[in-house]
Every structure is written in C-alpha cells, then in structure tokens.
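Contents: one structure, followed by commentary.
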Amino acid sequence: MRNILVVVDMQKDFIDGSLGTKEAQAIVEPVIAKMKSFRKSDIYVTRDTHGENYLETAEGKKLPVVHCVKGTEGWQLHPEIEALAEPSHVIDKPTFGSLELMELLKKENEKEPLAIELAGLCTDICVVSNALLLKAAMPEISIRVDSSCCAGVTPDSHQAAMLTMKMCQIETE
C-alpha cells in the first residue's frame with residue numbers, strides 16, 4: 001500500500017493574504033511537519049488558480065474577493081511547502097475540486113493500492129471537495145483528513161466540513 005499526501009491550496013492568499021486567517025496561519029508548521037513524514041514522490045499539492053477575470057466568473061460573483069490570480073504573490077505556495085513538493089506534483093486547479101488530481105491518483109491506484117490523506121485549506125471548500133471527489137472515484141480505498149492540518153473559513157465551518165466528510169465515510173482525525 002502506497003501512502004499519498006494531498007496538500008490543498010497552501011497559498012499566500014489563503015494563509016495571510018486576501019482570504020487569510022489566524023487558523024490558516026496556525027496550520028502551516030503542522031502541514032510542513034506532516035509533509036516531512038512522507039516521501040517527496042508521494043506528495044501532491046494543489047494550487048487554486050484564477051485569471052484576471054476572476055470577478056466575472058460564477059465563483060467570483062459569489063465570493064467577490066480577488067485571490068490566487070496566476071502569477072501573483074498571493075497565488076504562490078508557502079515557500080517551505082513548495083520546497084517539499086516535486087514541481088511535477090503541483091496541480092493548478094481552476095475550481096474547488098481537481099478532476100486532474102482525481103484522475104491522476106485513480107491511475108496511480110490502478111498500478112498500486114493507495115491510502116490517501118488530505119491536509120490544507122480551506123477545509124469547508126477545497127479540502128472537502130477534493131476528499132469527496134477522491135472518495136467517489138475510489139470508494140474502496142482509505143481516504144482520511146487530518147483536522148489538525150486543516151483550517152476552514154471559520155472554526156464552525158471547519159467542524160461542519162469534518163462532519164460531512166465523516167458522514168461520507170472519509171476517515172477524520
């Protein structure tokens with residue numbers, strides 16, 4: 001069994017930028033420590049990626065805060081997190097869940113059985129979206145989310161997302 005870590009959207013705008021929170025800042029060191037416990041080749045990182053026209057998109061109309069525009073400082077991964085990831089394992093995603101990540105890990109699971117763990121931001125949007133996509137694509141594998149390495153938009157929405165994932169048979173710790 002191959003253990004995979006998916007680190008979701010640990011980018012400046014979500015940590016201490018336009019959508020940053022103290023809870024997001026608090027998980028940076030635990031996420032780095034968790035990454036160090038995995039082989040670099042078994043770590044995948046997502047990066048929320050928007051264009052200059054973000055406010056014109058469906059998401060931008062509901063969340064009118066410009067963030068993670070490709071090429072900007074806010075789009076950048078936390079430097080220590082980026083250093084712990086293989087560049088080929090960084091996946092830009094234009095929306096909450098990454099179909100590209102799901103397809104890639106599904107193919108990897110066909111070669112060798114996987115157990116997948118997720119960490120990152122935001123628990124209640126992108127982490128839950130990716131966890132549910134992965135569970136739908138590979139219902140028989142172990143998928144877990146480490147609560148101590150995730151932060152939501154608010155502490156309450158973080159807890160709600162953790163409960164949602166637990167109800168969908170995603171292991172939560």
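The numbers here are math on the coordinates, done by the rules we state, and not lab data. Note that the structure is predicted; figures quoted are calculated from it, not measured. For neighbour counting, all protein chains shown are included, and Cβ atoms are generated from backbone atoms with ideal geometry for every residue, glycine included.
Among the residues in segment 72-79, are any at positive phi, crowded, with 20+ Cβ neighbours inside 10 Å and in contact with a strand residue (DSSP E or B) (Cβ under 9 Å, 6 or more places away or on another chain)?
Here is the first cut: in segment 72-79, the ones at positive phi are none.
No, because not a single residue in segment 72-79 is at positive phi, crowded, with 20+ Cβ neighbours inside 10 Å and in contact with a strand residue (DSSP E or B) (Cβ under 9 Å, 6 or more places away or on another chain).
Of these, 88, 142, 129, 157, which one is among the small types (Gly, Ala, Ser) and touching a helix residue (DSSP H, G or I) at 6+ places or on another chain (Cβ under 6 Å)? So that I can check it myself, show each step before the final result.
Numbers: 88 fails: touching a helix residue (DSSP H, G or I) at 6+ places or on another chain (Cβ under 6 Å); 142 fails: touching a helix residue (DSSP H, G or I) at 6+ places or on another chain (Cβ under 6 Å); 129 fails: touching a helix residue (DSSP H, G or I) at 6+ places or on another chain (Cβ under 6 Å).
Going through 88, 142, 129, 157 in turn, the sole match is 157.
Mind counting the residues in segment 40-57 that are assigned to a loop (DSSP other than H, G, I, E, B) and either touching a Phe, Trp or Tyr at 6+ places or on another chain (Cβ under 9 Å) or surrounded by 12 or more Cβ atoms within 10 Å (Cβ to Cβ) (or both)? First the steps, then the outcome.
We begin by selecting, within segment 40-57, every residue assigned to a loop (DSSP other than H, G, I, E, B); these are 49, 51-53, 57.
Right, trim to either touching a Phe, Trp or Tyr at 6+ places or on another chain (Cβ under 9 Å) or surrounded by 12 or more Cβ atoms within 10 Å (Cβ to Cβ) (or both) and you get 49, 51, 57.
Matching residues across segment 40-57 total 3.
What number of residues in segment 131-145 are assigned to a strand (DSSP E or B) and surrounded by fewer than 19 Cβ atoms within 10 Å (Cβ to Cβ)? Spell out how you get there, then give the answer.
First pass over segment 131-145, keeping only residues assigned to a strand (DSSP E or B): 142-145.
The next check asks that each one be surrounded by fewer than 19 Cβ atoms within 10 Å (Cβ to Cβ); those that pass are 142, 144.
Residues meeting the conditions: 2.
Somewhere in segment 130-151, is a residue in contact (Cβ under 8 Å) with a residue 40 or more places away in the chain, acidic (Asp, Glu) and under 24 Å from residue 68 (Cβ atoms)?
Yes - at least one qualifying residue is present in segment 130-151.
Here is a list of conditions, (1) buried (at least 18 other Cβ atoms within 10 Å of the Cβ); (2) touching a residue at least 40 places away in the same chain (Cβ under 8 Å); (3) aliphatic (A, V, I, L, M), and residue 69 meets all of them except one; can you say which number that is?
(2)
If I go through segment 80-108 residue by residue, how many of them are farther than 24 Å from residue 36 by Cβ and assigned to a helix (DSSP H, G or I)?
Of the residues in segment 80-108, 6 are farther than 24 Å from residue 36 by Cβ and assigned to a helix (DSSP H, G or I).
Of the conditions (1) free of Cβ contacts under 8 Å to residues at least 12 places away in the same chain; (2) under 23 Å from residue 100 (Cβ atoms); (3) not aliphatic (A, V, I, L, M), residue 166 fails just one. Which one is it?
Checking residue 166 against (1) free of Cβ contacts under 8 Å to residues at least 12 places away in the same chain; (2) under 23 Å from residue 100 (Cβ atoms); (3) not aliphatic (A, V, I, L, M), the one that fails is (2).
Each row is one residue, and each column tells you yes or no for (1) of a type in the set (Gly, Ala, Ser); (2) within 20 Å of residue 91 (Cα to Cα).
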position	(1), (2)
4	no, yes
37	yes, no
47	no, yes
51	yes, yes
62	no, no
68	no, yes
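Which one is surrounded by the fewest Cβ atoms within 10 Å (Cβ to Cβ), of the residues in segment 109-127 that are out of contact with any Gly (no Cβ under 9 Å at 6 or more places or on another chain) and in a helix (DSSP H, G or I)?
First, pick out the residues of segment 109-127 that are out of contact with any Gly (no Cβ under 9 Å at 6 or more places or on another chain): 109-120.
Filter again for in a helix (DSSP H, G or I), leaving 109-111.
Details: 109: 19, 110: 10, 111: 8.
Ranking the qualifying residues of segment 109-127, first place goes to 111.
Looking only at residues that are among the hydrophobic types (A, V, I, L, M, F, W, C) and touching an Asp or Glu at 6+ places or on another chain (Cβ under 8 Å) in segment 36-87, which one is nearest to residue 111 (Cα to Cα)? Reasoning before the result, please.
Quick first cut of segment 36-87, residues among the hydrophobic types (A, V, I, L, M, F, W, C) only: 38, 43, 45, 55, 58, 63, 65-66, 68-69, 75, 77, 81, 83-85.
Still in the running and touching an Asp or Glu at 6+ places or on another chain (Cβ under 8 Å): 43, 45, 68-69, 75.
Numbers: 43: 17, 45: 20, 68: 33, 69: 35, 75: 33 Å.
Ranking the qualifying residues of segment 36-87, first place goes to 43.
List the number of the failed condition for residue 105; all other conditions in (1) surrounded by fewer than 16 Cβ atoms within 10 Å (Cβ to Cβ); (2) touching a strand residue (DSSP E or B) at 6+ places or on another chain (Cβ under 8 Å); (3) over 27 Å from residue 154 (Cβ atoms); (4) not aromatic (Phe, Trp, Tyr) hold.
Against the list (1) surrounded by fewer than 16 Cβ atoms within 10 Å (Cβ to Cβ); (2) touching a strand residue (DSSP E or B) at 6+ places or on another chain (Cβ under 8 Å); (3) over 27 Å from residue 154 (Cβ atoms); (4) not aromatic (Phe, Trp, Tyr), residue 105 comes up short only on (1).
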